[in-house]
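Below: the structure, in structure tokens.
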Amino acid sequence: MMVEAVETFDGWYSLHDLRSIDWTAWKYAKEEERQNAIAEFTELLSKWEAVEENKQGSHAFYKVVGQKADFIFMFLRPTMEELNELETELNKSKFAEFLIPAHSYVSVVEISRYQPEKPGEDLENTPYIQGRLYPTLPKWDYMSFYPMDRRREGNDNWYTLEKDVRGKLLYEHSKTGRKYAGKIQQVITGSIGFDDWEWGVTLFAHDVIQLKKIVYEMRFDEVSSRYGEFGEFFVGTIMNKEELANYLAV
Ligand code: VOV
């Protein structure tokens, strides 16, 4: 049996970078050293903001709740090289001397194309698809990130399903998703060949409870109940540049 893959539109490359703060080292550092670290890091944030304003990428910066990490950054850039440069620049900064790597995830913004293109249509270049492939990440109050796979076990094997069946299941999924319009913004990134799971799911919300509601409701969609496998979840609250010094005050 030959099963057809699906064509994907691929946008900006993505790095989720999670760090914990070495509070002991931070407390023992001299006040001047701490101030220098904050000033230099604030400059980095401003640099990333300029990239975002010029539509050359985007980023999200949240405080992680719980012990898995203290910060989560999500960076979007046109190339893998730029992601690598960006993380190296961060690693070389004074502030990074007080940061402990907690987790990272490499992927690329992805839209799968299950609907056949109408004759003469150039879907990839429509403003809607371009906006989703090269998004400015929302600065909403809450963010959740987790990786996932599609199951391949016995009778529950996503990769032996015909393309039209998969398309139908994802269409059902999108109907659940659309109920959350204005409440949840999702960015799906593909990581097959890049990282340990097949997709990264990044969700933004104004109201944190909506993160739980959408993930719970989707658990009952066949595409998740039968074909979804989930990794570790990270949830956070937005970090503003203005609040950084206060957050780091010891
Ligand atoms: C916020 C709501 C929302 C909406 C509207 C939405 C819609 C859609 C559409 C229309 C499509 C298909 C085309 C495309 O864009 O690729 C998808 C695709 C996908 N989704 Fe989705 N999704 C949402 C939200 C949403 C969530 C919360 C999750 C996590 C699932 C869960 O159980 O925790 C998810 C996962 C995915 C994945 C992994 C894919 C790629 C699957 C593949 O095999 O290719 N997604 N999704």
Within the stretch 1-46, considering residues that are assigned to a loop (DSSP other than H, G, I, E, B) and acidic (D, E), the one modelled with the highest pLDDT: D22
From the list L170, L161, which residue is in contact with a strand residue (DSSP E or B) (Cβ under 8 Å, 6 or more places away or on another chain) and surrounded by 13 or more Cβ atoms within 10 Å (Cβ to Cβ)? L170
Within the stretch 149-162, identify whether any single residue is assigned to a helix (DSSP H, G or I) and more than 8 Å from the ligand (Cβ to nearest atom), and answer yes or no. yes
Is the stretch 54-77 home to any residue that is assigned to a helix (DSSP H, G or I) and either closer than 18 Å to N240 by Cα or touching a Cys at 6+ places or on another chain (Cβ under 8 Å) (or both)? no
Which of the residues belonging to the stretch 30-68 are touching a Pro at 6+ places or on another chain (Cβ under 9 Å) and either crowded, with 20+ Cβ neighbours inside 10 Å or over 24 Å from P135 (Cβ atoms) (or both)? G57, S58, A60
Filter the stretch 15-55 for residues that are in contact with a Gly (Cβ under 7 Å, 6 or more places away or on another chain) and under 21 Å from W197 (Cβ atoms) and give the result. H16
Restricting to the stretch 49-67, name every residue that is of a type outside the set (D, E) and more than 16 Å from the chain's Cα centre (by Cα). A50, V51, N54, K55, Q56, V65, G66, Q67
Give me a count of the residues in the stretch 27-48 that are out of contact with any Lys or Arg (no Cβ under 7 Å at 6 or more places or on another chain), of a type outside the set (G, A, S) and touching a residue at least 60 places away in the same chain (Cβ under 8 Å). 5
Quickly run through the stretch 88-123 and pick out the residues that are surrounded by 18 or more Cβ atoms within 10 Å (Cβ to Cβ) and part of a helix (DSSP H, G or I). L90, F95, A96, F98
Quick one: is I188 among the β-branched types (V, I, T), surrounded by fewer than 17 Cβ atoms within 10 Å (Cβ to Cβ), within 11 Å of the ligand (Cβ to nearest atom) and modelled with pLDDT of 95 or more? yes
Residues that are surrounded by 17 or more Cβ atoms within 10 Å (Cβ to Cβ) and of a type in the set (F, W, Y): does the stretch 174-182 have at least one? yes
If P127 meets every condition in (1) over 25 Å from N54 (Cα atoms); (2) away from the ligand (no atom under 11 Å from the Cβ); (3) at pLDDT 95 or above apart from one, which number is that one? (1)
Any strands (runs of 3 or more DSSP E) falling wholly within the stretch 170-250 and containing at least 1 residues that are of a type in the set (S, T, N, Q): 184-190, 199-205, 234-238
Subset tally (residues that are farther than 22 Å from K92 by Cβ, among the aromatic types (F, W, Y) and either buried (at least 18 other Cβ atoms within 10 Å of the Cβ) or touching a Pro at 6+ places or on another chain (Cβ under 9 Å) (or both)) for the stretch 1-29: 1
Could you grab me the full set of residues in the stretch 191-210 that are under 17 Å from Y142 (Cα atoms) and more than 10 Å from the ligand (Cβ to nearest atom)? H206, D207, V208, I209
Within the set of pairs 6 or more residues apart or between chains, which connect a residue that is on the phi < 0 side of the Ramachandran plot and exposed (fewer than 13 other Cβ atoms within 10 Å of the Cβ) inside the stretch 236-250 to a residue that is in a helix (DSSP H, G or I) and not aliphatic (A, V, I, L, M) with Cβ atoms less than 6 Å apart? V250/K27
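The values are calculated or read from the model by the stated rules, or taken from the named source; none is laboratory data. What you see is a predicted model, and the numbers here were worked out from it, not measured in a lab. So basically every Cβ, Gly included, is an ideal-geometry build from the backbone, and we count neighbours across all protein chains shown.
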